[in-house]
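Take a look at the structure set out below.
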Amino acid sequence: MKQLKLILCSFIISLILAPSVFANGEGLGMKPGNPKGFNYALDPGGETKDFITLINDSTEDQTLLISASDAILTSGSFSLKDTEEVQTMVGTWVKLEKTKILLKAGTQEKISFTVNVPKTVGPGDYAGGILATIDTSSAGAQGGAVSVSRLGARMYISVSGERTFSFLWE
């Protein structure tokens, strides 16, 4: 019995900690290529390639807009800038193979991308992510309300180099 409880607890924890983002109400999901998520250690000027899998478990085809975004803190929580906002860090370092796809019902598709850290970037930890937004560009054409649904996967990049820390006490 004790072993069954341990297995059940391990299963529940694995579901909570899994890097997949799933089910936004439309049966859509995304999963990083690496089961540990998008965590990279790169040098200034460094590059890595990876992919994300977009999943459509719904019964309807979905057109998705895919983009990279900088991370921001909103009320102390991790979030990603809207795609219309100017990206200045991770959102500009990620180059996606595709930025718009038609994902048929019951299918999935891998989208490759490259992360290029500029040579001028200082050492430190940077955060951003990849967004998949349901394309509603024609939904509001008749003047009706438009609901936007999007999924996001976090990305962390640690840039190597000597770090200096300074504190100012007043």
>> Test of understanding: among 133, 107, which residue is in contact with a Ser or Thr (Cβ under 8 Å, 6 or more places away or on another chain), more than 24 Å from residue 161 (Cα to Cα) and not small (Gly, Ala, Ser)?
In response: 133
> Which residues, counting only those in segment 82-138, are part of a loop (DSSP other than H, G, I, E, B) and among the acidic types (Asp, Glu)?
Replying inline: 82, 84, 85, 97, 135
> Of all residues in segment 75-119, how many are closer than 17 Å to residue 52 by Cα, of a type in the set (A, V, I, L, M) and open to solvent by 60 Å² or more (accessible area, probe 1.4 Å)?
Replying inline: 1
> What is the one condition in (1) part of a loop (DSSP other than H, G, I, E, B); (2) free of Cβ contacts under 8 Å to residues at least 24 places away in the same chain; (3) closer than 14 Å to residue 150 by Cβ that residue 79 does not satisfy?
Replying inline: (1)
>> Here is a check on your reading of the model: is residue 112 at pLDDT 95 or above, over 22 Å from residue 56 (Cα atoms), in contact with an Asp or Glu (Cβ under 6 Å, 6 or more places away or on another chain) and polar (S, T, N, Q)?
In response: no
> In segment 37-64, how many are over 13 Å from the mean Cα position of the chain (by Cα) and under 20 Å from residue 114 (Cα atoms)?
Replying inline: 11
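The values are calculated or read from the model by the stated rules, or taken from the named source; none is laboratory data. The shown structure was predicted, so the numbers you read here are calculated from the model rather than taken from an experiment. With ideal geometry, Cβ positions are generated from the backbone for all residues, glycine too; neighbour counts draw on all protein chains shown. With ligands, DNA and RNA removed, areas are computed over all heavy atoms of the protein, side chains included. Shrake-Rupley method; radii C 1.70, N 1.55, O 1.52, S 1.80 Å.
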